[in-house]
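Any read-out appearing in this document is the output of simple, stated calculations on the displayed coordinates, not a laboratory observation. Values in this document were obtained by computation on a predicted structure and should not be read as measured data. A quick note on method: Cβ atoms are made from the backbone with ideal geometry, for glycine too, and the neighbour counts reach across all protein chains shown.
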Amino acid sequence: MSEKVKVALYWCASCGGCEEAVVDLGEDLIRLSNMIDIVFWPVAVDFKRSDVEEMPDGSIDISFINGGIRLTEHEEMVKLLRRKSKLVVAFGSCAQTGGVPGLANLLSRDEILRYIYVEAPTVVNFEGSMPKEEVAVTSRHKIELPRLLKYVKALDQVIDVDYYIPGCAPTPEVVRRSLEILLGGKLPPKGSVLGASNKSLCDECDLNKTKPEKILLKDVKRVHEVKLDLSKCYLAQGVICLGPVTRGGCGTLCIKGGMPCTGCSGPLDNVKDFGARAISYLASILDYEDEVQARKVIEEYIVDPVGWLYRYSLPKSLVRGKYQGLESDKHE
Ligand code: SF4
Ligand code: SF4
């Protein structure tokens, strides 16, 4: 009998980057294939839902689930995988905190559908046709499609999650370290974030030595408005970098590529709301005389504050989204 660890991988509402992150393991995949049996990975191998349904409960050792929960199909599949798995790991920022698709929570389901199918400038839909959940193909056959949920949810807003792997997408190094922990047999406490550090990104940034002890900014610039000196801390140059409030572990990939950190590895342990933490940090470094001046600069340079500060975490934030919290929404 196989002693290999039985692993399932599944994607919900995501861009596919987390699947790429697995492939990015490269030659390590060969080494891994000696240790694990992939029992479900619909994006790569032709498994069906019925294959999972037939497995005994608890028979999958680890399920890695990426993407936010957007469709009824996602909800059904993750509940099924939860039942069949000993451990469930939220893989990547969409599963961990809702991710970029979670920004859709700024709109209601009806507004999203209307825009995409009727109002978008590139759409021609004179009859105002909208997608249906059920369509009769013949008098005896019908097609059923999954329903769009009212909101995007993070994985742990639907099922119990054992561990989290951060990043959009998690870097190969973060994935490698996480697998070593999971396959090593000595598991950390439930709820731990794997493969990353619990220190801020600044802590591992090569530019940290050029970051002044105290930063006070009079002028804030967007990254395309300056010629960044790549040898100096971006924040000290007036470009907002979220490194001070972001979990380290990615190896400062964006910064090495000439872009400030946008916070995809999420907050450090015990920070409940990434955006609120970032706002609090920014408030401590913006040096303005009065509210009028501060407001002017914020309006001019921070054109999309929610998209910027909650880019990866709106569904798990305290505000959660524009339309959330209505009594009638609770069932969805
Ligand atoms: S603020 Fe950004 S650029 Fe500056 S040290 Fe921190 S991570 Fe590096
Ligand atoms: S630098 Fe920031 S945004 Fe870029 S990969 Fe690292 S944590 Fe994510």
Dimensionless Rg/Rh of the stretch 201-316, both radii on Cα and Rh by Kirkwood, sits at 0.94
Heads up, the stretch 107-149 by the C-alpha gyration tensor (a ≥ b ≥ c square roots of eigenvalues; a/c under 1.5 rounded, else a/b over b/c prolate, else oblate) looks oblate
In deg cm²/dmol, rounded to the nearest 500, the helical mean residue ellipticity at 222 nm of the chain, built from -39500 (n - 2.57) for every DSSP H run of length 4 or more, is -7000 deg cm²/dmol
Checking every Cys Cβ in the chain against the others at 4.7 Å leaves as unpaired 12, 15, 18, 94, 202, 205, 233, 241, 250, 254, 261
FRET efficiency for residue 107 and residue 302 from the Cβ-Cβ distance with R0 = 22 Å, rounded to 0.05, comes out at 0.60
Cα gyration tensor of the stretch 1-142 diagonalised, 5x eigenvalues square-rooted, in angstrom largest first, produces semi-axes 34, 20, 14
Kirkwood Rh over alpha-carbon pairs of the stretch 254-320 plugged into Stokes-Einstein at 20 °C, 1.002 mPa s gives a D in µm²/s of 161 µm²/s
As straight-line cross-link partners of residue 209, the qualifying lysines (C-alpha separation under 24 Å, not fewer than 8 residues apart within one chain) are 199, 218, 221, 227, 232, 256
Once the in-chain neighbours fewer than 8 apart are removed, the lysines whose Cα is under 23 Å from residue 153 read 79, 84, 86, 132, 190, 272, 316, 322, 330
Counting only DSSP beta bridges with both partners in the chain, the antiparallel fraction in percent, to the nearest 5, comes to 25 percent
To the nearest 0.05, the calculated FRET efficiency linking residue 136 and residue 199 through their beta-carbon distance, R0 being 56 Å, is 0.45
Quick calc of log₁₀ I(q)/I(0), the chain, Debye, one scatterer on every Cα, no solvent, q values 0.07 1/Å, result -0.34
Helix 172-184: inclination vs the chain longest Cα principal axis, degrees, rounded to 10, gives 50 degrees
Contour minus Cα-Cα span, residue 192 to residue 214, at 0.36 nm per residue, comes to 4.8 nm
With +1 on the Cβ of every Lys and Arg and -1 on the Cβ of every Asp and Glu, the dipole magnitude of the chain about its Cα centre, in debye rounded to the nearest 20, is 360 debye
